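The values are calculated or read from the model by the stated rules, or taken from the named source; none is laboratory data. This structure is a prediction, so every number in the text was calculated from the model and none was measured. Backbone-built Cβ (ideal geometry, glycine too); neighbour counts: all protein chains shown.
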């Protein structure tokens, strides 16, 4: 099979222990250019663009919010956000708890204050949020006809457990819940995924290619559908057991340049 498109998850897959691109990874991606190298992540677009700049592939499509927003040179190819009635109830449930809510739409990121959680995400993503109360954001979005591409809930494990169970029971037809850590819930629209986002990219940007021409890299549960759908699904060595089971091949860990090593082997 001729592999002509590479898609990769970011955190835990592409980035090293310092959450940066290694010299080896940059060299391998540039070596196989002009094969498109598409970043596909739960991150917001501005948390991906600085990585594109390092690769020198700023004109390649971007897949943000696990497929909730697909961009090509800042042109929106696809956008799906969470209904504001759902967001309103999430805000209600987090009132009188210690849970931090981060609200995202396109390149907008709002936090109620620069607390521990906001500073941690700022450090991880190299993006600085705007401070604005959750209810104020909700009101603005209702007036503007917008909604959240992603909601991040971060906090005490017991409070996060209770919120997860409530949301799973109340909104399983509306939203997708992803527990990236015991203290995190990432929330996106039910109808999107990394696999559906790749379908959009193929349709709009590479119509002569199919899923069989795609190589994808991942490490976590939200990568499983993508790895099963593409021509070659590659798990990094540090991936979850369920991801390792569905992958076609397993490369080295993210800390040991697993993506770079696989690119060198298969391209």
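Looking at segment 79-92, is at least one residue in the same structural domain as residue 162 (by TED's automatic domain parsing), more than 20 Å from residue 191 (Cα to Cα) and not in a loop (DSSP other than H, G, I, E, B)?
yes
To keep it simple, each residue is scored yes or no on (1) farther than 28 Å from residue 34 by Cβ; (2) surrounded by fewer than 23 Cβ atoms within 10 Å (Cβ to Cβ); (3) in contact with a helix residue (DSSP H, G or I) (Cβ under 9 Å, 6 or more places away or on another chain).
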{"residue": "173", "(1), (2), (3)": "yes, yes, no"}
{"residue": "176", "(1), (2), (3)": "yes, yes, yes"}
{"residue": "198", "(1), (2), (3)": "no, no, yes"}
{"residue": "216", "(1), (2), (3)": "no, no, yes"}
{"residue": "242", "(1), (2), (3)": "yes, yes, yes"}
{"residue": "251", "(1), (2), (3)": "no, no, yes"}
{"residue": "259", "(1), (2), (3)": "no, no, yes"}
{"residue": "263", "(1), (2), (3)": "no, no, yes"}
{"residue": "267", "(1), (2), (3)": "no, yes, yes"}
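So residue 148 ticks every box in (1) at pLDDT 95 or above; (2) within 30 Å of residue 34 (Cβ to Cβ); (3) touching a helix residue (DSSP H, G or I) at 6+ places or on another chain (Cβ under 6 Å) but one. Which box is left unticked?
(2)
Give the residue, chosen from 62, 21, 15, that is under 28 Å from residue 80 (Cβ atoms) and either free of Cβ contacts under 8 Å to residues at least 60 places away in the same chain or touching a strand residue (DSSP E or B) at 6+ places or on another chain (Cβ under 8 Å) (or both).
Working: 21 fails: under 28 Å from residue 80 (Cβ atoms); 15 fails: either free of Cβ contacts under 8 Å to residues at least 60 places away in the same chain or touching a strand residue (DSSP E or B) at 6+ places or on another chain (Cβ under 8 Å) (or both).
From the options 62, 21, 15, the qualifying one is 62.
With closer than 26 Å to residue 97 by Cβ and either in contact (Cβ under 8 Å) with a residue 60 or more places away in the chain or over 16 Å from the mean Cα position of the chain (by Cα) (or both) as the only criterion, which of 190, 195, 169, 245 stands out?
It is 169.
Per-residue answers, yes or no, for (1) in the same structural domain as residue 66 (by TED's automatic domain parsing); (2) touching a residue at least 60 places away in the same chain (Cβ under 8 Å); (3) more than 25 Å from residue 75 (Cβ to Cβ):
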residue	(1), (2), (3)
206	yes, yes, no
213	yes, yes, no
218	yes, yes, yes
226	yes, yes, no
231	yes, yes, yes
235	yes, no, yes
238	yes, yes, yes
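I'm told residue 71 meets every condition in (1) surrounded by 14 or more Cβ atoms within 10 Å (Cβ to Cβ); (2) farther than 30 Å from residue 156 by Cα; (3) without any contact (Cβ under 8 Å) to a residue 24 or more places away in the chain except one. Can you identify the failing condition by its number?
If we test residue 71 against (1) surrounded by 14 or more Cβ atoms within 10 Å (Cβ to Cβ); (2) farther than 30 Å from residue 156 by Cα; (3) without any contact (Cβ under 8 Å) to a residue 24 or more places away in the chain, just (3) comes out false.
Go through (1) farther than 30 Å from residue 54 by Cβ; (2) in a helix (DSSP H, G or I) and name the single condition residue 101 misses.
In the conditions (1) farther than 30 Å from residue 54 by Cβ; (2) in a helix (DSSP H, G or I), residue 101 misses (2) alone.
Any residue in segment 122-144 that's at negative phi and assigned to a strand (DSSP E or B): show its pairings with residues that are surrounded by fewer than 18 Cβ atoms within 10 Å (Cβ to Cβ) and at pLDDT 95 or above at Cβ separation under 7 Å, as long as the two are six or more apart or on different chains.
131/113; 131/114
Just to be sure before I move on: is residue 42 in a loop (DSSP other than H, G, I, E, B) and closer than 17 Å to residue 219 by Cα in the structure I sent? Write out each step before concluding.
Working: in a loop (DSSP other than H, G, I, E, B): yes; closer than 17 Å to residue 219 by Cα: yes.
The answer is yes for residue 42.
I'd like to check something: does segment 36-46 contain any residue that is crowded, with 21+ Cβ neighbours inside 10 Å, within 12 Å of residue 126 (Cβ to Cβ) and not assigned by TED's automatic domain parsing to the domain that holds residue 102?
Checked segment 36-46: at least one residue is crowded, with 21+ Cβ neighbours inside 10 Å, within 12 Å of residue 126 (Cβ to Cβ) and not assigned by TED's automatic domain parsing to the domain that holds residue 102.
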